[in-house]
Every structure is written in C-alpha cells, then in structure tokens.
Amino acid sequence: MTQTLTITRPDDWHLHLRDGEMLTGILPETTRHFGRAIIMPNLVPPVVTSTDAAAYRDRIMAAMPEGASFTPLMTLYLTENTDPEDVARAHADGLISAVKLYPAGATTNSASGVTNFDNVRGVLEKMAEIGLPLCVHGEVTSADIDIFDREAVFIDRVLDPIRRATPGLRVVMEHITTADGVAYARSQGDDLGATITTHHLIINRNHILVGGIKPHYYCLPVAKRESHRLALLEAATSGDSRFFLGTDSAPHIDPLKENACGCAGCFTATNTMSCLAEVFETASALDKLEAFASLNGPAFYGLNPNADTITLTKGDPVTYPEKIETGAGPVTVFDPGFPLHWRVD
Ligand code: DOR
Ligand code: ZN
C-alpha cells in the first residue's frame with residue numbers, strides 16, 4: 001500500500017537567496033515546495049535600510065520562476081547605525097517581517113554587524129513596541145571562546161541580558177545547534193522561538209571531520225556532538241510550538257566550499273522536505289512534521305498557515321541532482337548520507 005502524507009504547505013523561516021545569477025539559479029529550489037521564507041539580508045553590501053529591502057524584494061520578484069506562488073518575507077540587517085524610525089516605517093508598510101542581528105564577525109558577510117549592543121538599544125526598544133521580531137545569530141565571536149561553545153556562551157552573555165533589558169521583544173534564536181539552546185527556548189515564554197535547520201537534525205561534528213574533511217557539511221553555527229543533535233531532534237519532533245523550520249539553506253559555489261578556506265553553509269533547499277520526512281519517520285514522529293514545517297512558524301510570526309497543501313509519497317528512493325548548476329557556478333546539494341524514500345508530489 002502506498003503511504004502518503006498531506007500537510008499544509010511549509011514555509012522556510014531562515015533562507016539565504018543571495019543575488020544576481022545565484023538568486024536566479026537557486027530560487028526555484030525553494031519555490032517548488034515552500035510558500036514563504038524569511039529572507040536573510042547578508043548580501044554584499046547588506047540589506048540595511050527599507051530602501052535596500054524594497055529593492056532586494058523587487059529583484060527576488062523579478063527572478064521568480066514562471067507560475068510560482070511564493071512570498072519572500074524581507075528582513076533588515078541590524079547595524080549600529082540602524083534608524084529605529086526607518087525600521088518602524090518598513091514594518092508599518094508591510095515591507096519587512098523581522099530584523100536580523102549578526103554579532104560582527106560571527107559568520108558570512110557579518111562584518112557590518114553589531115559589536116556594541118548598547119548602540120542598538122533604541123532599535124530593539126522600538127521593535128518591542130511595534131511587535132517586530134528580532135532574528136538572532138546566536139554565537140559570540142571572541143577568539144578565546146572555543147567555536148563549539150560559542151552558542152552556549154552567547155545565550156548567557158548576550159541573549160539573556162538583551163531580553164531582560166528589552167521586555168516584550170520577540171526573538172527568534174536562529175539555527176540552534178545545542179541542547180543548551182533547546183533548554184533555554186523551553187524555559188522561556190511565547191515571545192521566544194527557535195529555528196532548527198534540516199542539516200543540524202542529520203549531521204553531527206563527526207560527519208564533518210571523520211575520514212577526511214567534508215566542506216559541504218561545514219556551516220555556522222558548526223554542527224556539535226551527537227548528544228546535541230539528539231536534543232534538536234527531540235525538540236523538532238516534539239510538536240512544541242516554539243520550534244520551527246528555518247533551513248538556513250546557504251548556497252556557495254563549489255570552488256568556494258572546496259577550498260583551503262572554505263565558506264560556511266549547507267545548501268538544503270532542494271531536498272529539505274524529503275530529508276525531514278525521513279528524519280521524522282525514523283523518529284516515529286511523522287505526525288509532528290506539519291507542526292514543525294508548516295504551523296509553528298506562522299503562529300510565531302502572527303501569520304496564517306498557507307492555505308494549500310503538499311503531499312509526500314513514500315516509495316523507492318528519490319534522487320535529487322548532486323549539484324544545481326547556476327549562472328554563478330555549481331552548488332552542491334546537501335547529502336543526508338541515507339536514502340530518501342519520501343518524494344514531494
Ligand atoms: O553557514 C552559514 N552560512 N551560516 C550563516 O550564518 C551564514 C550562512 C551564509 O550566508 O552563507
Ligand atoms: Zn543563515
């Protein structure tokens with residue numbers, strides 16, 4: 001008997017679409033299955049003002065594949081010079097859905113991020129007042145903190161103090177990778193959410209390092225030890241409304257990944273729904289996939305779930321292209337390391 005699963009069309013609450021030929025090449029990989037996505041603003045130069053966000057949204061719409069019905073939810077990149085009034089206007093106009101905080105130097109194109117958190121106090125207070133979520137890349141950047149500890153230290157030293165100082169601020173802990181992140185999210189109220197990526201549900205740090213270095217598994221925050229992956233899996237499959245899908249699908253062309261100083265990012269847009277169905281089925285939690293991928297995210301952002309559905313069918317292993325050939329160059333698709341039996345019809 002064929003097994004099928006019909007769920008509300010999913011959204012991606014953390015996505016890198018880039019620009020130019022890369023944007024054109026990879027956009028169909030997301031619009032094929034997803035209804036909406038929170039679009040990360042870490043372009044070069046970053047999307048800092050409402051004018052930048054409107055122009056970027058226009059470029060995304062211009063690259064939209066024929067027949068796609070996909071809504072990009074725009075964000076602004078928080079800098080120490082961000083004007084609270086510009087943020088408030090962009091929110092009131094329906095142009096932006098969130099503001100993204102990158103600690104300066106934490107990841108790809110984060111040089112314009114925040115060093116002194118006192119300098120963004122006014123923006124954060126305005127956001128709390130108007131109910132606009134702050135999406136946080138939660139890693140400290142000090143050289144003396146081990147890269148595997150950077151998320152846990154960020155929670156204590158930066159995230160919790162910011163939230164205490166700004167009551168009412170709605171915060172999304174982006175791409176959590178640790179049991180510490182899960183525990184913190186669980187300990188808080190419904191003004192805190194957390195996204196979890198597809199790849200962090202599948203790989204731990206051994207996948208990156210054992211038997212030779214695997215650049216396509218390197219991302220930031222870097223995958224941690226297996227006990228952390230299991231904590232993420234438990235959170236994602238629990239149905240708890242604070243946890244939702246943000247793939248952090250982050251394309252880089254192969255020459256920049258397979259490099260002596262390789263870029264951070266896993267490209268999962270193409271096969272995410274097949275990967276997730278496999279992971280949730282293995283965890284005996286297929287019934288929780290819809291909450292994680294399609295319901296909890298819109299609830300946090302105060303939006304309705306998508307009105308249509310997708311159907312996944314289980315059968316012989318599905319194959320996806322190993323690479324997406326874009327005008328900017330080839331982008332390797334995430335390899336989960338196990339066969340995928342669920343195809344999206
Ligand atoms: O692995 C990552 N890649 N993590 C990030 O935070 C940024 C992203 C990118 O833009 O490539
Ligand atoms: Zn990201």
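The values are calculated or read from the model by the stated rules, or taken from the named source; none is laboratory data. It should be emphasised that the depicted structure is a prediction, and the values quoted were computed from it without experimental measurement. Here the Cβ positions follow ideal geometry from the backbone for every residue, glycine too, while neighbour counts run over all protein chains shown. Heads up: the accessible areas ignore ligands, DNA and RNA and are worked out on the full protein's heavy atoms, side chains in. Shrake-Rupley method; radii C 1.70, N 1.55, O 1.52, S 1.80 Å.
At a temperature of 25 °C and a viscosity of 0.890 mPa s, determine how fast the stretch 3-344 diffuses translationally according to Stokes-Einstein, using the Kirkwood radius over alpha-carbon pairs as Rh; express D in µm²/s, rounded to the nearest whole number. In µm²/s, the coefficient is 123.
Computed over protein heavy atoms with a 1.4 Å probe, the accessible surface of the chain works out to 39 Å² per residue. GNM remark for the chain: springs join alpha carbons under 10 Å apart, and the peak mean-square fluctuation among ILE213, ILE202, ILE176 falls on ILE213. Here's the picture: charge each Lys and Arg Cβ at +1 and each Asp and Glu Cβ at -1 in the stretch 3-344, and of ILE39, THR332, HIS228 the one pushed furthest to the positive end of that dipole is HIS228. Working note: 222 nm ellipticity from helices only, DSSP H runs with n ≥ 4, each -39,500 (n - 2.57), summed and divided by the residues of the chain, gives -8000 deg cm²/dmol to the nearest 500.
As a rough guide to protection, the peptides 161-173, 93-105 ranked by mean Cβ packing within 10 Å, highest first, stand as 93-105, 161-173.
Percent relative contact order of the chain, based on C-alpha pairs within less than 8 angstrom and at least six residues apart?
Values: 715 pairs, mean separation 70.4, N = 345.
Over the chain, the number comes to 20 percent.
Counting only Cβ charges, +1 for Lys and Arg and -1 for Asp and Glu, the dipole size of the chain around its Cα centre is about 240 debye. For the stretch 128-169 versus the stretch 1-71, the spacing of their alpha-carbon centroids is 26 Å.
Provide the gained length on full extension for the span ILE130 to ARG157, in nm with one decimal, where the gain is 0.36 nm per separating residue minus the Cα-Cα distance.
Additional length available on full extension: 7.2 nm.
Would you mind checking the tilt of helix 272-282 against the longest principal axis of the Cα atoms of the chain, expressed as 0 to 90 degrees and rounded to 10? The angle comes out near 70 degrees.
Highest mobility in the GNM of the chain, judged by mean-square fluctuation with C-alpha springs under 10 Å and restricted to ALA250, ALA92, ALA285, is found for ALA92.
Rounded to the nearest 10 degrees, the inclination of helix 226-236 to the longest alpha-carbon principal axis of the chain is 90 degrees. Heavy-atom surface analysis with a 1.4 Å probe gives the stretch 229-329 a carbon and sulfur content of 52 percent of its accessible area. Note on ASN206 and ASP146: their simple-model spin labels are 1.8 nm apart, each label 7 Å out from Cα toward Cβ. Extending 7 Å from the Cα toward the beta-carbon at both MET64 and THR319 defines two label points whose distance is 3.4 nm. For the stretch 3-344, give the share of DSSP beta bridges that are antiparallel, in percent and rounded to the nearest 5; count only bridges with both residues there. The antiparallel proportion sits near 35 percent. Proximity of backbone amide H atoms, modeled 1.01 Å from N, is registered between VAL172 and LEU134, CYS135, VAL136, GLY193 at under 5 Å, excluding neighbours fewer than 5 places apart on the same chain. Once the Cα atoms are used to define both axes, helix 121-130 deviates from the longest principal axis of the chain by about 70 degrees.
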